[in-house]
There are 2 protein chains.
Amino acid sequence: MSDTTFQTTERSTLRRVKELGSRDRETVHAILDEGLICHVGFAVEGQPYVIPMGYARDGERLLLHGGVASRLLQHLRSGAEICVTVTLLDGLVVARSGFSSSMNYRSVVVFGRGRAIEGEAEKARALDTLADHLMPGRSREYRAHLPKELAATEVIEIPLEEATAKARSGPPHDLEKDLELDVWAGVLPLALTPGTPEPSPDLPAGIDVPPSIRDWRRG
Amino acid sequence: MSDTTFQTTERSTLRRVKELGSRDRETVHAILDEGLICHVGFAVEGQPYVIPMGYARDGERLLLHGGVASRLLQHLRSGAEICVTVTLLDGLVVARSGFSSSMNYRSVVVFGRGRAIEGEAEKARALDTLADHLMPGRSREYRAHLPKELAATEVIEIPLEEATAKARSGPPHDLEKDLELDVWAGVLPLALTPGTPEPSPDLPAGIDVPPSIRDWRRG
């Protein structure tokens with residue numbers, strides 16, 4: 001299953017997003033827009049950390065957020081080098097051999113440095129973008145942010161300047177001589193699917209499931 | 001949505017897996033066994049990288065693999081410090097405020113150093129474990145590994161010695177005064193679900209979908 005490994009990214013071979021053709025840039029945007037969580041990597045004294053976070057793309061920047069007291073957020077706002085990876089798993093590639101087995105996926109790796117967003121209005125807008133990324137239209141449904149909530153929240157932007165997209169799709173590539181084997185081969189598609197919305201135990205009667213949740217879908 | 005951020009892991013506060021109670025250890029194992037991909041983090045000269053990979057848990061070690069020529073695999077086998085994170089997204093937590101909105105998830109962060117597995121028999125067993133992790137029972141269905149495939153594949157083990165699990169579950173925790181609002185709150189469950197298996201275009205007629213794919217489910 002050598003094929004199952006998502007190949008490493010040679011940073012030196014990355015092209016700046018600004019230099020990407022519009023089609024490559026669209027690919028990066030589409031993957032970022034479909035993902036729900038990212039994995040944020042950073043190193044402290046050579047020790048790597050990988051932490052899952054919510055995120056959103058806002059034009060040519062990524063947004064992350066968390067509590068102001070969080071050491072993670074403090075590190076992100078410090079401007080240290082970070083790597084943000086978003087991976088969408090599309091299916092299992094089932095070959096006649098282990099070696100040719102693989103996964104269909106789309107992923108984006110972003111390199112950059114974080115910067116804190118300051119100002120209540122700016123932070124509120126960014127938090128709405130983060131909510132709407134997960135649940136399109138949700139920011140029009142929930143109540144307005146409170147000043148103390150904005151003060152307690154750190155919002156980080158990472159300019160989308162250096163990024164790469166990778167993907168695999170389609171059926172397995174078996175060895176020619178394996179094609180006659182009595183072994184099934186193909187793809188098992190996978191998708192993140194929503195279940196039935198579960199109202200909070202404290203929800204008063206008579207409040208309908210809103211559009212952001214009722215119409216939720218991805219991919 | 002300060003709550004949406006998965007909190008950072010203070011490495012110094014992690015307990016060795018060996019010291020985990022059997023219940024904590026079971027939690028770590030269960031999350032690792034349910035995930036399909038991990039995100040592997042490492043740093044080269046201070047630059048962090050986060051790469052998605054297939055993996056498997058084999059007792060008290062994690063297995064990763066890839067092509068021997070891959071720079072990623074060469075780095076992993078060098079014994080450099082790495083961080084492997086597996087995240088399962090269970091649902092969107094829909095609160096009356098953006099601030100209390102969140103995600104339900106389970107995640108494991110493993111810290112350690114890789115070591116190459118040597119020997120054809122050992123590598124073959126590890127590759128079967130990797131395949132069976134993704135598709136339970138698949139190693140009994142595909143043809144045997146070829147010596148040249150084993151030679152072309154690097155398999156890395158990471159002892160499961162230092163790890164931590166985090167999770168959020170349940171409904172949103174709204175402010176008391178928000179409970180009277182005419183705003184829906186609850187959870188939208190999410191799950192990775194299989195679609196209909198798609199046979200390869202080169203699959204001869206009369207080969208049925210095998211148990212590893214027909215019975216595939218997760219979670």
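Of all residues in the stretch B:66-91, which are in contact (Cβ under 8 Å) with a residue 60 or more places away in the chain and part of a strand (DSSP E or B)?
The answer is B:GLY66, B:GLY67, B:ILE82, B:VAL84, B:THR87, B:LEU88, B:LEU89, B:ASP90, B:GLY91.
Do we find that B:SER78 is surrounded by fewer than 24 Cβ atoms within 10 Å (Cβ to Cβ), within 8 Å of another protein chain (Cβ to nearest Cβ) and over 25 Å from B:PRO136 (Cβ atoms) in this structure?
So B:SER78 does not fit the description; no.
Name the single residue that is surrounded by the fewest Cβ atoms within 10 Å (Cβ to Cβ) among those in the stretch B:25-42 being charged (D, E, K, R) and in contact with a helix residue (DSSP H, G or I) (Cβ under 9 Å, 6 or more places away or on another chain). Break it down into steps so the answer makes sense when it comes.
The initial filter retains those residues of the stretch B:25-42 that are charged (D, E, K, R), namely B:25-26, B:33-34.
Adding the requirement that they be in contact with a helix residue (DSSP H, G or I) (Cβ under 9 Å, 6 or more places away or on another chain) leaves B:25, B:33.
On the way: B:ARG25: 17, B:ASP33: 12.
By that ranking, first place goes to B:ASP33.
Would you check if there is a residue in the stretch B:171-191 being touching a helix residue (DSSP H, G or I) at 6+ places or on another chain (Cβ under 6 Å), touching a residue at least 60 places away in the same chain (Cβ under 8 Å) and surrounded by 17 or more Cβ atoms within 10 Å (Cβ to Cβ)?
Going residue by residue through the stretch B:171-191, those that are touching a helix residue (DSSP H, G or I) at 6+ places or on another chain (Cβ under 6 Å) are B:188.
From what is left, the residues that are touching a residue at least 60 places away in the same chain (Cβ under 8 Å) are B:188.
Filter once more, keeping what is surrounded by 17 or more Cβ atoms within 10 Å (Cβ to Cβ): B:188.
Yes, there is a match, as at least one residue in the stretch B:171-191 is touching a helix residue (DSSP H, G or I) at 6+ places or on another chain (Cβ under 6 Å), touching a residue at least 60 places away in the same chain (Cβ under 8 Å) and surrounded by 17 or more Cβ atoms within 10 Å (Cβ to Cβ).
Which of (1) at the interface with chain B (Cβ under 8 Å from one of its Cβ atoms); (2) among the hydrophobic types (A, V, I, L, M, F, W, C); (3) touching a residue at least 60 places away in the same chain (Cβ under 8 Å); (4) buried (at least 24 other Cβ atoms within 10 Å of the Cβ) is the odd one out, the single condition A:ILE51 does not satisfy?
All conditions pass for A:ILE51, except number (3).
So which residues in the stretch A:170-198 are outside any loop (DSSP other than H, G, I, E, B) and either within 7 Å of chain B (Cβ to nearest Cβ) or within 22 Å of the chain's Cα centre (by Cα) (or both)?
Taking the stretch A:170-198 first, the residues outside any loop (DSSP other than H, G, I, E, B) are A:176-178, A:186-194, A:198.
Matches in the stretch A:170-198: A:ASP178, A:GLY186, A:VAL187, A:LEU188, A:PRO189, A:LEU190, A:ALA191, A:LEU192, A:THR193, A:PRO194, A:GLU198.
From B:VAL109, B:VAL155, which residue is crowded, with 22+ Cβ neighbours inside 10 Å and over 25 Å from A:GLY66 (Cα atoms)?
Values: B:VAL109 fails: over 25 Å from A:GLY66 (Cα atoms).
Exactly one of B:VAL109, B:VAL155 is crowded, with 22+ Cβ neighbours inside 10 Å and over 25 Å from A:GLY66 (Cα atoms), namely B:VAL155.
For the list (1) more than 9 Å from chain B (Cβ to nearest Cβ); (2) closer than 24 Å to A:LEU134 by Cβ, I need the number of the one condition that A:PRO210 fails.
Failing condition for A:PRO210: (1).
Do we have any residue at all in the stretch A:92-107 that's basic (Lys, Arg), modelled with pLDDT of 95 or more and part of a loop (DSSP other than H, G, I, E, B)?
yes
Based on what the data block shows, is A:SER22 at pLDDT below 90, within 13 Å of chain B (Cβ to nearest Cβ) and surrounded by fewer than 23 Cβ atoms within 10 Å (Cβ to Cβ)?
Numbers: at pLDDT below 90: yes; within 13 Å of chain B (Cβ to nearest Cβ): no; surrounded by fewer than 23 Cβ atoms within 10 Å (Cβ to Cβ): yes.
Judged against the criteria, A:SER22 is not a match.
Residues being closer than 23 Å to A:LEU192 by Cβ and touching a Ser or Thr at 6+ places or on another chain (Cβ under 7 Å): count how many of those fall in the stretch B:42-58.
Looking only at the stretch B:42-58, we keep the residues that are closer than 23 Å to A:LEU192 by Cβ, and these are B:50-57.
Then keep just the ones that are touching a Ser or Thr at 6+ places or on another chain (Cβ under 7 Å); that gives B:50-54, B:56.
The number of residues fulfilling the criteria is 6.
Could you go through the stretch A:48-65 and let me know if any residue there is closer than 30 Å to B:SER212 by Cα and in contact with a His (Cβ under 8 Å, 6 or more places away or on another chain). Reasoning before the result, please.
First, pick out the residues of the stretch A:48-65 that are closer than 30 Å to B:SER212 by Cα: A:52.
If we keep only those that are in contact with a His (Cβ under 8 Å, 6 or more places away or on another chain) too, we end up with A:52.
Looking through the stretch A:48-65, at least one residue is closer than 30 Å to B:SER212 by Cα and in contact with a His (Cβ under 8 Å, 6 or more places away or on another chain).
Do we have B:ARG96 as of a type outside the set (A, V, I, L, M), crowded, with 24+ Cβ neighbours inside 10 Å and within 7 Å of chain A (Cβ to nearest Cβ) here?
On the way: of a type outside the set (A, V, I, L, M): yes; crowded, with 24+ Cβ neighbours inside 10 Å: yes; within 7 Å of chain A (Cβ to nearest Cβ): yes.
Considered against the rule, which asks whether it is of a type outside the set (A, V, I, L, M), crowded, with 24+ Cβ neighbours inside 10 Å and within 7 Å of chain A (Cβ to nearest Cβ), B:ARG96 comes out as yes.
I'd like the residue in the stretch B:113-143 that is closer than 15 Å to A:TRP184 by Cβ, over 16 Å from the mean Cα position of the chain (by Cα) and outside any helix (DSSP H, G or I) and, out of all such residues, is farthest from the other protein chains (Cβ to nearest Cβ).
B:GLY137
Looking at B:ALA163, B:ALA126, which is the one that is buried (at least 20 other Cβ atoms within 10 Å of the Cβ), of a type in the set (A, V, I, L, M, F, W, C) and at pLDDT below 95?
Values: B:ALA126 fails: at pLDDT below 95.
Criteria check complete, one pass: B:ALA163.
Here are the criteria: (1) surrounded by 18 or more Cβ atoms within 10 Å (Cβ to Cβ); (2) small (Gly, Ala, Ser); (3) more than 8 Å from chain A (Cβ to nearest Cβ). Tell me which single one B:SER101 does not satisfy.
The one condition B:SER101 does not meet is (3).
What number of residues within the stretch B:144-169 satisfy the criterion of being within 18 Å of the chain's Cα centre (by Cα) and either part of a loop (DSSP other than H, G, I, E, B) or among the acidic types (Asp, Glu) (or both)? Outline the logic, then answer.
Taking the stretch B:144-169 as the starting set, the residues that turn out to be within 18 Å of the chain's Cα centre (by Cα) are B:155-168.
If we keep only those that are either part of a loop (DSSP other than H, G, I, E, B) or among the acidic types (Asp, Glu) (or both) as well, we get B:157, B:160-162.
Final tally of qualifying residues: 4.
The values are calculated or read from the model by the stated rules, or taken from the named source; none is laboratory data. Predicted model, so just to flag it, every value in this text is computed and none were measured. Every residue, glycine among them, receives a Cβ derived from its backbone with ideal geometry; neighbour counts consider all protein chains shown.
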